[in-house]
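Trainee: Sharing a structure here in C-alpha cells format.
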Amino acid sequence: MQYRIQTANWRDLGALRTLEQECFPIDAWPLFDLIGVLSFPSVVRLKAVLGDKLIGFIAGDRRSSQNLAWIATIGVRPAYQRQGIASALLKACEAQLQVARVRLSVRVDNLPAIRLYQVHGYQRVGYWPEYYQDKSDAIVFEKSMETAL
Ligand SMILES: CC(C)(COP(=O)(O)OP(=O)(O)OC[C@H]1O[C@@H](n2cnc3c(N)ncnc32)[C@H](O)[C@@H]1OP(=O)(O)O)[C@@H](O)C(=O)NCCC(=O)NCCS
C-alpha cells in the first residue's frame with residue numbers, strides 16, 4: 001500500500017474528526033481539542049495519507065523543559081489497521097520529537113495499543129486508577145530515546 005506520512009495542519013480538521021470518531025467511539029476528542037492538536041506549536045502532528053484520504057494520525061506533545069514528550073493520540077482507521085501504519089507514524093513522530101523520553105497513557109484493556117507500544121520498546125512506568133471518564137484505569141508507558149538521539 002503506497003501511503004505517505006506528512007505533517008498535518010488545520011485543513012485536516014474534518015478528516016481528523018472522522019478518524020477520531022471511528023477510532024475512539026467512546027471518547028473521541030471534542031472539536032476544541034482537535035483544533036488545539038492541529039495548531040499548538042509544541043505538537044508534532046503527522047498523518048498517514050493514501051491518495052487524498054487521511055487514514056492515520058499521531059500527535060506528540062513536546063515538554064522541552066523536561067526533555068520529554070507525550071503521545072497525545074494515535075489512531076488508524078479500522079479498514080487500514082494491522083498493516084504497519086501506526087508503527088510508521090510512531091517511528092516518524094519519535095524521530096521528530098527529538099527528546100530523551102517519550103511517554104503515553106493507554107486504557108488497561110486496549111490490548112492492540114499495548115502490544116504496539118511493547119513492540120516499539122515502551123515499558124510500563126505507571127498506573128493511573130480511574131483515569132478515563134468512564135473510570136477505566138490507565139497504564140503509563142515510557143520509552144527512553146537516549147540511544148536514538
Ligand atoms: C492501536 C492502533 C493505533 C494500531 O494501529 P495499526 O496500524 O493497526 O498498528 P500496526 O499495524 O503498526 O501494528 C504494529 C504491531 O502492533 C501490534 N498490534 C496492532 N494491532 C493489534 C491487534 N489488533 N492485536 C494484537 N496486536 C496488535 C502487533 O504486534 C503489530 O505487529 P504485527 O501486525 O506484525 O503483529 C489501532 O488499532 C487503532 O487505531 N486503534 C484505535 C485507536 C487506539 O486505541 N489508539 C491508541 C490509544 S492509546
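The values are calculated or read from the model by the stated rules, or taken from the named source; none is laboratory data. Fair warning: this is a prediction, and the values are worked out from it, not measured in the lab. FYI the Cβ positions are ideal-geometry reconstructions off the backbone, even for glycines, and counts take in every protein chain you see. Only protein heavy atoms, including side chains, enter the accessible area calculation; ligands, DNA and RNA are left aside. Shrake-Rupley method; radii C 1.70, N 1.55, O 1.52, S 1.80 Å.
Trainee: Using only alpha carbon pairs under 8 Å that are at least six residues apart, calculate the relative contact order of segment 30-107 and give it in whole percent. Let's see the in-between values first.
Mentor: On the way: 115 pairs, mean separation 21.4, N = 78.
27 percent.
Trainee: What number, in percent, do you get for the relative contact order of the chain if the mean sequence gap of Cα pairs under 8 Å and at least 6 apart is divided by its residue count?
Mentor: Relative contact order here is 18 percent.
Trainee: Then there is this: Check the straight Cα-Cα distances from Lys91 and name the aspartates and glutamates below 17 Å, setting aside those fewer than 8 residues away within the same chain.
Mentor: The qualifying aspartates and glutamates are Asp61, Glu142, Glu146.
Trainee: Need one number: nm distance between label points at Phe32 and Asp134, each 7 Å from Cα along Cα→Cβ, rounded to one decimal.
Mentor: Each label point is offset 7 Å from its Cα along the Cβ direction, giving 2.3 nm.
Trainee: May I ask what percent, to the nearest 5, of DSSP beta bridges between residues of the chain are antiparallel?
Mentor: In the chain, DSSP labels about 90 percent of beta bridges as antiparallel.
Trainee: I've got another one for you. Any idea of the accessible area per residue across the chain, 1.4 Å probe, to the nearest Å²?
Mentor: Working: 8430 Å² over 149 residues.
Result: 57 Å² of accessible area for each residue.
Trainee: Modelling each spin label as a point 7 Å along the Cα-to-Cβ direction, I'd like the Thr18/Ala79 distance in nm, to one decimal.
Mentor: So the two model labels end up 0.9 nm from each other.
Trainee: List the lysines whose alpha-carbon lies under 20 Å from that of Lys135, not counting same-chain residues fewer than 8 positions away?
Mentor: In chain and number order, there are no partners.
Trainee: With just the Cα atoms defining each centre, how far is segment 71-149 from segment 9-67? Give it in Å.
Mentor: Distance between centres, Cα-based: 15 Å.
Trainee: Helix-only estimate, please: 222 nm mean residue ellipticity of the chain, summing -39500 (n - 2.57) across DSSP H runs of length 4 or more and dividing by its residues, to the nearest 500. Before the final figure, lay out each step's value.
Mentor: Numbers: 4 runs with 40 residues, N = 149.
Using -39500 (n - 2.57) per qualifying helix, the result is -8000 deg cm²/dmol.
Trainee: Of the heavy-atom accessible surface of segment 5-149 (probe 1.4 angstrom), what whole percent is carbon and sulfur?
Mentor: Values: 4090 of 8000 Å².
Heavy-atom surface of segment 5-149 belonging to carbon and sulfur, 1.4 Å probe: 51 percent.
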